Amino acid sequence: MAKKKTRDAKPGTKLIAGNRVARRNYAIDDTLEAGIVLLGSEVKSMREAQVQLADSYVRIRDGEAWLEGVHVAPYLFAVGIGAHDPDRPRKLLLHRDEITRLKARIDQERVSVVPLSLYFKEGRVKVELGVGKGRTRGDKRQAIVERDTQRETERELARYRKGM
């Protein structure tokens with residue numbers, strides 16, 4: 001059986017969870033990849049894709065980047081000491097200069113940093129972060145119209161090429 005390809009799939013990676021709402025609610029300018037500090041039971045839950053990124057965001061506190069609002073369901077076979085808190089903040093692994101650049105951008109440009117996807121890369125969990133401004137209702141409608149017109153032009157070009 002063929003594997004289902006995803007839009008953001010990169011070779012050598014396995015997608016855990018995506019945040020489609022973030023691309024709709026934010027005009028994403030830049031993306032960057034970060035590692036994430038996890039417990040063993042969290043990694044096992046992520047292997048089973050028991051993650052929700054819906055209302056998650058990145059907060060920079062005391063020179064460290066923290067991912068908050070991510071729900072990682074408890075691993076079924078981890079009880080007692082091996083279990084984890086599903087909604088705890090998780091530390092992101094970024095270089096110091098990346099954190100300072102992000103902090104400066106957040107303070108000056110009033111942008112938000114949201115996770116776009118969570119995936120395994122060479123056996124480690126990585127998170128793709130998007131930096132962008134929030135969209136208003138009108139901006140969302142405009143983006144939908146632009147996407148639809150782009151799709152229609154691509155269809156017309158495909159029909160034209162097919163006819164030749």
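No value in this document is a laboratory result; all are computed from the given coordinates. Note that this is a predicted model, so its numbers are computed, not measured. Glycine gets a Cβ as well: all are built from the backbone with ideal geometry, and neighbour counts include every protein chain shown.
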At 0.36 nm per residue, minus the direct Cα-Cα distance, what do residue 57 and residue 158 gain on full extension? Give it in nm, one decimal, please.
32.5 nm
Taking the stretch 13-134, how many lysine pairs are there with alpha carbons less than 23 Å apart, if each pair must be eight or more places apart or span two chains?
13
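For residue 95 and residue 66 in the same chain, what is the full-extension length gain: residue separation times 0.36 nm, less their Cα-Cα distance, in nm? If you can, show how the numbers build up before the last one.
Details: separation 29, 0.36 × 29 = 10.44 nm, distance 1.32 nm.
Taking 0.36 nm per residue and subtracting the Cα distance, the gain is 9.1 nm.
Roughly how big is the stretch 13-134's charge dipole about its Cα centre, with Cβ charges of +1 (Lys, Arg) and -1 (Asp, Glu), in debye to the nearest 20? If you can, show how the numbers build up before the last one.
On the way: 20 positive and 17 negative charges, 36 e Å.
With Lys and Arg at +1 and Asp and Glu at -1, about 180 debye.
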In whole percent, what relative contact order does the chain give with Cα contacts below 8 Å and a gap of six or more residues?
30 percent
Residue-ordered couplings for the stretch 123-134, obtained by feeding phi - 60° into the Karplus form 6.51 cos²θ - 1.76 cosθ + 1.60 and rounding to whole Hz (Gly and Pro as x), are x, 10, 7, 10, 10, 8, 9, x, 10, x, 8, x
Cα-projected label distance for residue 108 with residue 142, points at 7 Å along beta-carbon direction, nm:
2.4 nm
Options (i) 9.2; (ii) 13.4; (iii) 15.3 - which one matches mean projected area of the Cα convex hull in nm² as calculated here
(ii)
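Sorted by average packing, counted as other Cβ atoms within 10 angstrom per residue and highest first, what order do 143-151, 113-121, 101-109, 32-40 take?
On the way: 143-151: 10.6, 113-121: 20.8, 101-109: 13.4, 32-40: 15.6.
Highest mean packing first, the order is 113-121, 32-40, 101-109, 143-151.
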